[in-house]
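Following: one structure in structure tokens, then a few remarks.
The values are calculated or read from the model by the stated rules, or taken from the named source; none is laboratory data. The shown structure was predicted, so the numbers you read here are calculated from the model rather than taken from an experiment. For neighbour counting, all protein chains shown are included, and Cβ atoms are generated from backbone atoms with ideal geometry for every residue, glycine included.
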Amino acid sequence: MSHVQDLIIDKAYIGGQWRDADRHFSVTNPATGETLAEVPDLNAEEVREAIGAADAAWAGWKRKTAKERSALLRAWFNSIMDHQEALAELMTREQGKPLAESRGEVAYGAAFVEFYAEEAKRVAGETLPGHGPDKRILVFREPVGVVAAITPWNFPLAMITRKCAPAMAAGCTVVVKPAEATPLTALALAKLAEDVGIPAGVLNVVTSSSPREVGPVLTGDARVRKVSFTGSTPVGKILLAQCADTVKKASMELGGNAPFIVFDDADLDAAVEGAIASKYRNSGQTCVCTNRFLVQDGVYDAFVEKLAKRVGELKVGNGLEDGVVQGPLINSAAVDKVQSHIADALDNGARLVAGGEALEGTFFQPTVLADVTTDMRVAREETFGPLAPVFRFSSDDEAIAMANDTEFGLAAYFYATDYRRIWRTMEQLEYGMVAINEGILSTELAPFGGVKESGLGREGSRHGLDEYTELKYACVGGL
Ligand code: ADP
């Protein structure tokens with residue numbers, strides 16, 4: 001059992017070396033403002049070195065047998081789970097989420113490593129009927145090469161493993177650039193990878209406080225063959241444009257504007273529990289968090305009342321304290337955004353039924369607004385905070401039209417019991433993921449990802465591994 005202090009590392013990890021730099025930046029605890037560490041602020045040249053290290057390690061890593069890569073990933077999984085408690089505490093300190101959620105994220109993030117350790121052994125090609133009697137067609141699945149993974153702060157562990165594990169399973173090497181708010185969990189993961197013998201250069205972690213400076217290094221270097229990004233849609237668009245120059249492959253897991261539809265025939269108590277899980281997890285700071293509750297006339301008042309009551313019971317505080325289910329928001333800009341969305345809605349006729357106030361630091365009361373309409377900012381913009389706006393609808397067609405009236409298409413949720421309505425709604429929602437009578441849908445077993453401006457590609461399941469392989473077709477002739 002390790003202690004959290006053993007996992008706080010203030011060096012970047014390049015080519016198997018723990019590296020310092022001339023400049024540093026602070027990592028702070030959003031619940032207390034305390035500085036946890038000063039980590040290296042790498043420059044463009046140092047990031048290029050990491051790409052070089054990943055490139056140099058690639059040949060050896062892809063030549064290993066699938067079983068060897070599988071065993072190393074499995075050992076990494078075991079090590080992550082052995083350090084679950086210390087990693088969870090570290091994550092709560094640097095990110096703010098309640099300890100129970102951090103423990104859950106360690107298990108969820110580790111599950112990707114376990115899954116792809118297994119899947120590594122099943123990267124099979126195929127033989128196809130030839131186009132002539134003397135020809136044979138062989139199809140191989142080969143690793144794409146060096147991968148740059150750029151990850152956000154809201155899931156400091158899982159967003160890294162769900163890119164690195166399939167990439168490494170496929171035979172790729174990786175340079176991870178974690179979010180500047182949460183580099184410590186990434187560095188701890190790298191230490192555990194080193195401890196179990198993952199070879200130098202296969203996994204590199206570059207810390208930087210200036211993504212605008214090092215981002216173009218990762219997207220512009222021809223040795224990087226693929227960029228896998230999770231973060232906001234505007235940044236995803238910048239990265240995609242930058243990738244065009246060297247025609248890099250890209251996976252993009254971007255923003256959402258998730259609807260949560262409650263039909264007249266829904267089990268209301270189940271819907272309220274699903275609403276709490278989907279809206280207030282990580283204080284509303286996940287890309288699949290509900291942004292818009294769409295509730296049918298017949299159950300509107302009852303749903304709002306039950307939801308407001310449950311939300312009033314959510315305990316806000318430092319995530320390390322017992323019973324806390326709502327930690328701080330990541331920074332003051334996040335608080336400003338929630339406040340501005342609430343102010344705009346109230347100015348335009350919404351009704352406050354729970355919360356509404358900023359608390360000390362970056363804590364915020366979980367909030368519910370009723371009588372919300374589509375001309376308010378909350379209808380279009382991702383709040384990324386603990387605010388539940390409740391809209392009203394009459395017919396199923398109106399609900400579907402409202403749900404799809406967005407440029408995003410990541411997750412959608414709905415509660416209903418009539419099976420025809422369930423099928424119809426499931427098919428008509430223009431989303432990459434639909435949760436039916438469920439408030440949580442993330443799992444390593446399913447393909448996670450969005451349509452429209454919510455992204456490209458899928459993470460999780462066997463499809464998540466395809467993102468890191470290229471097909472090579474060999475035509476064998478003259479037989
Ligand atoms: P969030 O709003 O969740 O912070 P961002 O999209 O800003 O989402 O950040 C997600 C990741 O993208 C972080 O690692 C961040 O450092 C990185 N990032 C932000 N801006 C850029 C950029 N211009 N180029 C490359 N990476 C960036």
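What to note about this one:
- Every residue from the range 1-18 that is of a type in the set (A, V, I, L, M) and either modelled with pLDDT of 95 or more or not in a loop (DSSP other than H, G, I, E, B) (or both): Val4, Leu7, Ile8, Ile9, Ala12, Ile14
- Selection status of Phe391, within 21 Å of Ala179 (Cα to Cα) and among the aromatic types (Phe, Trp, Tyr): no
- Any hit, the range 281-293, residues being in contact with a strand residue (DSSP E or B) (Cβ under 6 Å, 6 or more places away or on another chain) and charged (D, E, K, R): yes
- Checklist (1) out of contact with any Phe, Trp or Tyr (no Cβ under 6 Å at 6 or more places or on another chain); (2) of a type outside the set (Val, Ile, Thr); (3) over 26 Å from Ala358 (Cα atoms) applied to Met91, failing item: (3)
- Scope the range 323-338; condition within 21 Å of Lys309 (Cα to Cα) and surrounded by fewer than 18 Cβ atoms within 10 Å (Cβ to Cβ); matching residues: Gly323
- For the range 351-365, the criterion of being under 12 Å from Leu294 (Cα atoms) and crowded, with 20+ Cβ neighbours inside 10 Å is met by none of the residues.
- From the list Ala446, Ala412, Ala435, the one residue that fits, being in contact with a Ser or Thr (Cβ under 8 Å, 6 or more places away or on another chain) and closer than 18 Å to Ala399 by Cα, is Ala435.
- Taking the criterion of being surrounded by fewer than 22 Cβ atoms within 10 Å (Cβ to Cβ) and either within 16 Å of the ligand (Cβ to nearest atom) or not polar (S, T, N, Q) (or both), the residues of the range 383-399 that qualify are Arg392, Phe393, Asp396, Asp397, Glu398.
- When Val368, Val304 are checked against the criterion of being more than 19 Å from Ala100 (Cα to Cα) and assigned to a strand (DSSP E or B), Val368 stands alone in meeting it.
- Positions within the range 356-367 being out of contact with any Phe, Trp or Tyr (no Cβ under 7 Å at 6 or more places or on another chain) and without any contact (Cβ under 8 Å) to a residue 40 or more places away in the chain, in sequence order: Gly356, Glu357, Glu360
- Among the conditions (1) more than 16 Å from the ligand (Cβ to nearest atom); (2) surrounded by fewer than 23 Cβ atoms within 10 Å (Cβ to Cβ); (3) in contact (Cβ under 8 Å) with a residue 40 or more places away in the chain, the only one that Ala370 does not satisfy is (2).
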